[in-house]
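Written below as structure tokens is the structure these notes are about.
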Amino acid sequence: MAATARKTTGTRSKSAGRSRSSASKSKAAPSIADFSKEEELEAYREMLLIRRFEEKAGQLYGMGLIGGFCHLYIGQEAVVIGMQLAKKDGDQMITGYRDHGHMLAMGLDPKGVMAELTGRRGGLSKGKGGSMHMFSKEKDFYGGHGIVGAQVSLGTGLAFANRYREDGRVSMTFFGDGATNQGQVYESFNMAQLWKLPVVFVIENNKYGMGTSVERASATTDLSHRGASFGIPGEQVDGMDVRAVKAASEKALEHCRSGKGPYILEMITYRYRGHSMSDPAKYRSKDEVQKMRTERDPIEQVRNRLIEKKWASEDELKEIDKKVREVVNEAAEFAQNDPEPDPSELYTDILL
Amino acid sequence: MPIEILMPALSPTMEEGKLAKWVKSEGDSVTAGDVIAEIETDKATMEVEAVDEGTLGKILVAEGTDNVKVNTPIAMLLADGEDASALEGAAAKAEAPAAPEPTEAPAPSAAPAPAAPVASKPAADPDIPAGTSMVSTTVREALRDAMAEEMRRDENVYLMGEEVAEYQGAYKISQGLLEEFGPKRVVDTPITEHGFTGLAVGAAMAGLRPIVEFMTFNFAMQAIDQIINSAAKTLYMSGGQMGAPMVFRGANGAAARVGAQHSQDYAAWYAHVPGLKVVQPYSAADAKGLLKAAIRDPNPVIFLENEILYGHSFEVPDMEDFVLPIGKAKIEREGSDVTIVSWGIGMTYAVKAADELAGMGISAEIVNMRSIRPLDIDTVIESVKKTGRLVTVEEAFPVCSVSSEIGFQVQERAFDWLDAPVLRVTGKDVPMPYAANLEKLALPNVGEVIDAVKAVTYTS
Ligand SMILES: Cc1ncc(C[n+]2csc(CCOP(=O)(O)OP(=O)(O)O)c2C)c(N)n1
Ligand SMILES: [Mg+2]
């Protein structure tokens, strides 16, 4: 049985972006297409926006301004930004509850995202959804889902609609390593391949589902092979390197767009903070986290390249940081001062 | 200006915590991300990270202090270049008393009733022998103790669910069980509700006694087919040859600000199904006695807990083997003017309302249902025959609710004793909103219970 799950079928062209390095054993990084100066700067700016936004959200949570569950994306920024750099207009995104970064990547106003976190009327869902449940039809962002695994079938449905309309769009469906064990993931894989639906299944493997490591939850731990029995091609990608993510995403999106069916990308990444704000994270060592932060940080990697290549000076990068902080502070300011929803909103948007 | 470091909120339900330890001392320099202190809540010990940089100027709350309210200033941080003199004005401000917390329920609007206050005393529990000594226990501990006692008693009992073993439970209910019983009997599952629920039903059919923990009952919806089509119906379909002696337990209902997909009360859903028993405990004693009964019960039992109640303490009898009967309600308080029927967290509103009503001269009898299926309607009818009035209280949606069923059965069997229509106080008929103000409106409150009682007693 295991033998059939080894290498996948489907196209496995040797694009420059193919990478099998994992975040933890990063030594033998294969050649990755270099970014231009503009691309590096864009990636830097966008990832920094997510990082600073999430730090601010954590702070507002501590002050009691954000309630409930709040799952931060810190450490995983390269995954969503790499995909965003590869996607075309009209491609959709859908994910679970760790969704703030995806929304920022889809170009949503940080004010609207932050005001949703504080539950105010200017929030993306008018304050009614909260951190885990946000959507934007306009920007092709389909949520924000609180039930682990549910978005995988929904994302496959977006792809079904794309193929139905033959509009050339691709659904980028994100889910965690923990979510890969839910049954509906495999039901969706089967239909996606059976009907050749344009969906990239993006597994964000950050090594833990809440307090459970992949090894303790999964019989086989190479999650890129999870589509093998359906013939869905998959590969592991260094999810801490935004260039590797972009290259792999371009290839996967092209595969889907050309009518060949779904594609699986397993992004090897890491979350620095606890699962949610209330997770003391006793299941992993401080050293493990610290090692990731100092050796593999996705933002530092870009920063170092920019400095090394003399594409930006320390001062210029500081200036970018300052601008990003301004945007985030403005969002936080707005999110604290915007009024709560009108009480009449309690009874709206239930049925049409 | 020195920056105030405030006691952070670290979970959806945290209101206060213990400042367990200062990792930094006065005079230490701090950069963003440094751990400065450790805080203990009833669930966990958490680290507080600095958000700003500077020097820790003054510690305002000493380590070891209990019950520090969220947002209380705990220390002052001096920015670069500031010295301790900057602290003086600021610290004085920080120590000023905090504004009083807004009360949870709107005060009853009517002027105090002219009637003299009546006594409102908890009734004795007939299931606890007189003279038994009582121990203050949280609902969380009571649930754990119940499982541990039953696992010691019967080798076939085992616990499975997400994060129940090594993490000690997402809500710390299974604390210590892995240590005592080992990984064979305390089993961490993948996130696979439909699969592990079906697996547990199969194990029960084969003679084991599974306790399935759902991290919350919202996630049991992934598994509801196995609960209903497999667990509930097999005994009947097999002509009595085999069934599913097991417990499905976990947090049910709203927590705090966790939004529509994580805030739902499933009592009515499961109570609808023949072949299931449904239990919804309120106090720690309910939790302990009923969970032990549920584990011993030869049927599938849905055991609906509540995250907010986990940290509440109640008196639990200090008995070798305290088991409560499933399907039997408890008169929580005796009264004569109105019957308030509730269960689970609904009881918290009922009890507070009864206290306030007593002050207005209205004597309320409170029936704590404890079980939803079988439903102890006899106890309700008996009480209604005495008071002539009934108000039900629950957090679930109103339509086709447990209240609907109780109201229906009461009109069927006690129509002639009713002096007013039966009223229900429930959650509003809307998905749970996230915004703080809307969430408050969506949930019932004590004021609504008082208003309903006034309406059925025709009190202005
Ligand atoms: C169906 C369901 N079961 C359980 C949960 C509780 N829960 C929320 S997140 C989570 C862990 C998910 O881990 P993973 O898929 O790896 O995503 P990550 O949090 O690491 O991004 C669990 C168990 C849930 N929300 N939904
Ligand atoms: Mg994960």
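Any read-out appearing in this document is the output of simple, stated calculations on the displayed coordinates, not a laboratory observation. Quick caveat, the model's predicted, so the values are computed rather than measured. We place every Cβ from the backbone using ideal geometry, glycine too, and count neighbours over all the protein chains shown.
Things to note:
- Helix axis angle, B:139-153 relative to chain B longest principal axis, alpha carbon, degrees: 60
- 222 nm mean residue ellipticity, helices alone, for the protein assembly as shown (DSSP H n ≥ 4; -39,500 (n - 2.57); rounded to 500): -10000 deg cm²/dmol
- A straight line joining the Cα centroids of region A:245-307 and region B:324-343 runs 55 Å.
- Principal axis extents of the C-alpha atoms in chain A (largest first, rounded to whole Å): 57, 55, 41.
- Counting beta carbons within 10 Å around each of A:Lys309, B:Lys440 and listing the fewest first gives the order A:Lys309, B:Lys440.
- Taking every C-alpha pair closer than 8 Å and separated by at least 6 residues, the mean separation divided by the residue count of chain B gives a relative contact order of 14 percent.
- Charged neighbours of B:Asp376, selected by a Cβ distance under 11 Å, balance to +2 (K, R count +1; D, E count -1).
- Region B:330-456, relative contact order [Cα under 8 Å, separation at least 6], %: 28
- Alpha-carbon spread of chain B, three principal axes, descending order, Å: 80, 63, 46
- Of B:Ala256, B:Thr234, B:Ser133, farthest towards positive along the dipole that unit charges on Lys, Arg, Asp, Glu beta carbons give chain B: B:Thr234
- Cβ-placed point charges (K, R +1; D, E -1), dipole of the protein assembly as shown about Cα centre in debye, nearest 20: 2940
- Percent of beta bridges antiparallel (DSSP, region B:330-456, rounded to nearest 5): 20
- Net charge of neighbours whose Cβ lies under 10 Å from the Cβ of B:Pro274, counting Lys and Arg as +1 and Asp and Glu as -1: +2
- Kirkwood Rh and Cα Rg combined as Rg/Rh, region B:3-95: 0.96
- Chain B: angle of helix B:284-296 to the longest principal axis, Cα-based, in degrees nearest 10: 50
- Here A:Phe175, B:Phe314 are placed in order of increasing Cβ neighbour count within 10 Å, fewest first, which gives B:Phe314, A:Phe175.
- Distance from region A:110-158 to region B:213-255 (C-alpha centre basis), Å: 31
- Order of B:Trp343, A:Trp195, B:Trp269 - criterion: other Cβ atoms within 10 Å of each residue's Cβ, fewest first: A:Trp195, B:Trp269, B:Trp343
- Cα gyration tensor category, rounded, prolate or oblate, for region B:308-460 with a/c compared to 1.5: rounded
- Cα gyration tensor category, rounded, prolate or oblate, for region A:234-340 with a/c compared to 1.5: rounded
- Positive end of the dipole of the protein assembly as shown (Cβ unit charges, origin at the Cα centre): among B:Gln168, A:Thr173, B:Asn368, the Cα lying farthest that way belongs to A:Thr173.
- Computed from Cα atoms, the angle from the helix B:402-414 axis to the main principal axis of chain B rounds to 40 degrees.
- Computed over neighbours whose Cβ is under 12 Å from that of B:Val135, the net charge equals -3, Lys and Arg +1, Asp and Glu -1.
- Within region B:330-456: Cβ-based charge dipole about Cα centre, in debye rounded to nearest 20 (Lys, Arg +1; Asp, Glu -1): 100
- Cβ-based charge dipole, the protein assembly as shown, positive-most Cα from B:Leu276, B:Met215, A:Gly261: A:Gly261
- Note: relative contact order over region B:134-317, using C-alpha pairs below 8 Å and six or more positions apart, is 28 percent.
- Applying Stokes-Einstein at 20 °C and 1.002 mPa s to the Kirkwood radius of the protein assembly as shown, computed over alpha-carbon pairs, gives a translational diffusion coefficient of 75 µm² s⁻¹.
- Shape analysis of region B:203-359 places it in the prolate category; the axes a ≥ b ≥ c from the Cα gyration tensor give an a/c of at least 1.5, with a/b above b/c.
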